[in-house]
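To start, the structure under review is shown below, and the notes come after it.
The values are calculated or read from the model by the stated rules, or taken from the named source; none is laboratory data. Keep in mind the model is a prediction, meaning the values are calculated, not measured. Virtual Cβ from ideal backbone geometry, glycine too; neighbours counted across all protein chains shown.
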2 protein chains.
Amino acid sequence: MAVDREQVLRSAAALLTRKSTATMDEVARAAGISRATLHRHFAGRDALVRALESLGIAECEAALEAARTDEGPAADAVRRLVRAMEPSTALLAFLYTENQLFEGDEQNEGWARIDAGLTELFRRGQESGEFRIDLTPAWLTEALYGLLASGAWAVAEGRVARNDFTHMIVELLLGGALRREEP
Amino acid sequence: MAVDREQVLRSAAALLTRKSTATMDEVARAAGISRATLHRHFAGRDALVRALESLGIAECEAALEAARTDEGPAADAVRRLVRAMEPSTALLAFLYTENQLFEGDEQNEGWARIDAGLTELFRRGQESGEFRIDLTPAWLTEALYGLLASGAWAVAEGRVARNDFTHMIVELLLGGALRREEP
DNA sequence: CCTGTGTGAGACAAAGGTGTCTCATGTGGG
DNA sequence: CCCACATGAGACACCTTTGTCTCACACAGG
């Protein structure tokens, strides 16, 4: 029967997130297929990583779309966004640490669009007075990526409950660790 | 003249942070020495990574010590800690993403001590009422690692000014992105 | 029933990285 | 001045991974 391309990418992402040096053979076995079949669907390791990148970009853009980041209070938009991104975090954590993607100094333009969307959201929050202005939108964007990766990693290692994922990330990103008098 | 072992480790960390798959030859050239000499000082790639791990652990423990995390308000202790860790963040960013270190499922006990120190700091902050209690100490510890790595990455890419590093991380970790009425 | 398509298993050469060795060089200390 | 020692350069075999190929098999559709 025909191989489910997306399911292969899913298992590859899960494996590569844990062990970024996994061989094509390990990736194939993790997907329950043979190395030959894996090669028939993805010309090589590069093609596989590029396909994972495309999948990650597509899911990020879908999440940005679904979260309607240009509507309502920016804080609520961030909450919707993180919730929408949650299923993709394992994949994103892998891609975030795969700095090899930028070696060709020509990073996929999809990332630029996503970065722009996130930066715009934080900028909008600053303009509306919701977010503080001493933390730049670029840093908040970077921090969101980092927290998503950390969260995915912590969940995978069992240090954080999967159910708390969105809450932990959103609350830390928006509210910080300090306790406040008024909610 | 004798090779400066620490300087070799520094340049190796800087290179491997950018390109974790760099070969021994690339590491050697980045350090300005030959592959043969690199091999004389570090038996192999594993030994090199282990040495980097030991260096990272030593610097983290030194930072924990220097920051006196058990003294004064926990928030101030976090500020001192991040400031003390700043010079080590490039190395830490590499080690944080080098999940291969835990393959032998026997992670260096040094990390356990550091984790314990950080967790204890956040726990103390919760107990004193400074930190909110809905974010677990384990998650705050993980988030600190993630933000340090993100920050190091953002600085290396030029997306954040190096001078703002400590401020960006501490303020986001403690205060979050939301603007507050009272300082 | 037959055929075509997709798959698994294995063989194979090529490429790249690794670890070890030798030898020449250059430098600092005695 | 001379010697010991550390280094650089290169050669070498070995190993792992990769990419390709072949062949047999299973299964679904005609």
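Of all the residues in region A:127-183, those that are at positive phi and within 13 Å of the chain's Cα centre (by Cα) number 0. All of B:Leu9, B:Leu64, B:Leu16 fail the test of being within 12 Å of DNA strand C (Cβ to nearest atom) and either within 20 Å of the chain's Cα centre (by Cα) or touching a residue at least 24 places away in the same chain (Cβ under 8 Å) (or both), apart from B:Leu16. Taking the condition under 26 Å from A:Asp164 (Cβ atoms) and either within 14 Å of another protein chain (Cβ to nearest Cβ) or within 12 Å of DNA strand D (Cβ to nearest atom) (or both), does A:Arg80 pass? Judged against the criteria, A:Arg80 is not a match. Considering the conditions (1) more than 9 Å from chain A (Cβ to nearest Cβ); (2) at pLDDT 95 or above, B:Phe122 is excluded by exactly one of them, (1).
For (1) more than 20 Å from A:Glu171 (Cβ to Cβ); (2) crowded, with 24+ Cβ neighbours inside 10 Å; (3) modelled with pLDDT of 95 or more; (4) among the polar types (S, T, N, Q), each residue gets a yes or a no:
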residue: B:Asn99; (1), (2), (3), (4): yes, no, no, yes
residue: B:Glu103; (1), (2), (3), (4): yes, no, no, no
residue: B:Ile114; (1), (2), (3), (4): yes, no, yes, no
residue: B:Leu118; (1), (2), (3), (4): no, no, yes, no
residue: B:Glu127; (1), (2), (3), (4): no, no, yes, no
residue: B:Pro137; (1), (2), (3), (4): no, no, yes, no
residue: B:Ala143; (1), (2), (3), (4): no, yes, yes, no
residue: B:Ser150; (1), (2), (3), (4): no, yes, yes, yes
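Matching residues to (1) more than 12 Å from DNA strand D (Cβ to nearest atom); (2) farther than 24 Å from A:Gly125 by Cβ; (3) within 14 Å of chain B (Cβ to nearest Cβ):
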{"site": "A:Ala22", "(1), (2), (3)": "no, yes, yes"}
{"site": "A:Val27", "(1), (2), (3)": "no, yes, no"}
{"site": "A:Ala36", "(1), (2), (3)": "no, yes, no"}
{"site": "A:Ala43", "(1), (2), (3)": "no, yes, no"}
{"site": "A:Leu48", "(1), (2), (3)": "no, yes, no"}
{"site": "A:Ala58", "(1), (2), (3)": "yes, yes, no"}
{"site": "A:Ala62", "(1), (2), (3)": "yes, no, no"}
{"site": "A:Glu65", "(1), (2), (3)": "yes, no, no"}
{"site": "A:Ala75", "(1), (2), (3)": "yes, no, yes"}
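Of all the residues in region A:1-30, those that are closer than 27 Å to B:Tyr96 by Cβ, in a helix (DSSP H, G or I) and among the hydrophobic types (A, V, I, L, M, F, W, C) number 9.
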